[in-house]
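Heads up: the structure comes next, in structure tokens.
What follows draws every value from the coordinates through simple rules; no lab data is involved. A quick note: this is a predicted structure, and the numbers were derived from the prediction, not measured. Every residue, glycine as well, gets a Cβ built from its backbone with ideal geometry; the counts of neighbours run over all protein chains shown.
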Amino acid sequence: MQRRHFIALAAGTLATAATAGSGLLPGRAAAATAKDGIDAAAWHRLRRFVPTRFGDIACIDHGQGEAALFLHGFPLNSFQWRGAIERLAPYRRCIAPDFLGLGHSEVADGQDLAPREQVAMLVAVLDRLGIDRVDVIANDSGGQAAQLLVAAHPLRVRSLLLSNCDSEINSPPAAMAPVIELARENRWVDEWIVPWHADPVLARSDAGIGAMCYADPGHPGDEAIAAYFSPLIASPRRKALANAYAVALARNPLTGIGPQLARCGVPTRIVWGMADTIFAPADADHLDRAFDRSRGVRRLPGYKLFWPEERPDVIAAEALALWGLEAGEADIGSFSRPATATGTPPR
């Protein structure tokens, strides 16, 4: 089995200090600055844990105003949203949890990791934080969870911003097959994640997560590789949970969701990296048709699955527009332009 067939499942000043919700376990508060996003050390200091029946959920709770919920992809964690959150924290209270089995969330013994359980966990986190409604921003398998959330709880979702992700007609994508196969044998983490963590150059190569899912050959950076993969290999139990997350994606949880999306009434914007080899342009078109209040599709030539990490300025600009807000270019980053028409990502 070649690693190159892996779906990669797997960027400013912070605004206000994190707001601690009622019932949160003790966490470390921090404020930090970075040239283009929140660095890993500051991100770790911002992390809190929200106690739920599903386990203690690792969560970033930062910013002010109405809440926005950021849902990361696989096998990443909330660190994926560092650039977007540092841009949007002045406008929203940004909530970014780690899914069960990924990142730093501490999963309860025996907890099912199926997609609908992940959504129930998100609702429990929002309840614990005293949040009734959210603007949802999602990518990859996080987009799958976002659709399940809006279908089951449409009154809790104020708006939805989707980037490359699952759809009813493509979940799981074909590229997940080798991942699921190895994960069923508890081999995927050891055979792919462990080598990538040990060798960032490999992780960025054609045999790793980089070439498959990022447009910039310098992504993901060493810091991001450590932030994403260290928790997955921290112990035998953590490895087993990451494998279990992948296995839980084997069955399409979006089957039959069409009628619910068609009547959810949630303003939805879709932004798609057009060079993605995991989720095709047809998936974006399907989602555009699926939502009764779709605001259409913005297409980003040259970008792949995890473009939100590379272009947090686009996420910020699209989110603010969807929310009916405006910000100057200096507020959201220096690259508030779409990808160039030639398909070459701007540097």
(Q) Going by average Cβ density within 10 Å per residue, which order do the peptides 207-214, 137-144, 179-186 take, highest to lowest? (A) 137-144, 207-214, 179-186
Q. So for Arg311, Arg93, Arg289, fewest C-beta neighbours within 10 Å to most, what's the order?
A. Arg289, Arg93, Arg311
Q.
Within a 10 angstrom radius of the beta carbon, how do Leu76, Leu249, Leu325 rank from fewest other beta carbons to most?
A. Leu325, Leu249, Leu76
Q: Taking the Cβ of each residue in Glu168, Glu106, Glu86 as the centre, tally the other Cβ atoms inside 10 Å and list the residues starting with the fewest.
A: Glu106, Glu168, Glu86
Q. Residues in the stretch 142-165 near a label at Ala262, defined as backbone nitrogen under 17 Å from the 7 Å Cα→Cβ point?
A. 151-152
Q) Taking only C-alpha pairs under 8 Å that are 6+ residues apart, what is the relative contact order of the stretch 186-335 in percent? A) 21
(Q) Checking a compactness column here: for the stretch 132-212, what do you get for Rg(Cα) / (2.2 N^0.38 Å), N being the number of residues? (A) 1.39
(Q) Under a crude label model (7 Å from the Cα following the beta-carbon direction), how far is Arg184 from Arg289 in nanometres? (A) 3.1
**Q.** Label-to-label distance, nm, for residues given as Ala108 and Ala275 (7 Å Cα→Cβ offset)
**A.** 4.4
Q) Between Glu117 and His44, what is the spin-label point distance in nm, taking each point 7 Å from the Cα along the Cα→C-beta axis? A) 2.9
Q.
Taking R0 as 25 Å, what FRET efficiency do you get between Glu326 and Asp127 from their Cβ-Cβ distance, rounded to the nearest 0.05?
A. 0.20
